Amino acid sequence: MDEAEARQAIVREAQTWIGTPYHSNALVKGPQGGTDCAMLLIGVYGNVGLIPKDFDPRPYPPQWHVHRNEEKYLSYVLEFVKEVDGPPARIPKPGDLVMFKIGRVFAHGAIVVDWPNVIHAIGDDRVLPEDISKNTTGKRALANVPQRFFSLWT
């Protein structure tokens, strides 16, 4: 599978997770399942065959990013992808990963569909598509927090 096919496969797989309830440390797709933002990425990229299906960083505390300065989530991400420029230097491409600084560290991840549209798992909610540029209020104002971008391809 070439890069363009793989990028589309990532987006298609991410779309199949929409509606999956949020559940920390879970990796079960569908309305009776559950996942969080980290395990969603593992499920999507693993099901497409772009990371090892047996990769599993669990268990991890649900609120680890609030009480620690360690970039634990980011360290796992960097095992598989390379950091790339974000807007305005480079427009993120479908299948890229965006990480958001929540609390002290980069602790929330999402899959780019068509920037600024992403698919992600939100705590106390579900996997959903969202235009991040419109997410400007409340404690999850992702448009207003630092962002870093990553890709399997450079």
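The aspartates and glutamates within cross-link reach of LYS29, meaning a Cα-to-Cα straight distance under 12 Å and a gap of 8 or more places when in the same chain, are GLU13. Residues TYR73, TYR60, TYR45, ranked from the fewest to the most other C-beta atoms within 10 Å, line up as TYR60, TYR73, TYR45. Of all lysines in the structure, those lying under 22 Å Cα to Cα from LYS82, and not within fewer than 8 positions of it along the same chain, are LYS53, LYS72, LYS93, LYS101. Computed over the chain, the Cα gyration tensor eigenvalues convert (square root of 5λ each) into semi-axes of 20, 19, 16 Å, ordered from largest to smallest.
Label-to-label distance, PHE80 versus ARG126, with points set 7 angstrom from Cα along the beta-carbon direction: 2.4 nm. Counting only other residues whose beta carbon sits under 11 Å from that of HIS120, what net charge do I get with K and R as +1, D and E as -1? Once positives and negatives cancel, what remains is -1.
Here THR16, THR137, THR35 are placed in order of increasing Cβ neighbour count within 10 Å, fewest first, which gives THR137, THR16, THR35.
Just so you know, all these numbers are worked out from the coordinates, no wet-lab data involved. Note that the structure is a prediction, hence the values are computed from the model and not measured. Glycine also receives a Cβ, built like all others from the backbone with ideal geometry; neighbour counts cover every protein chain displayed.
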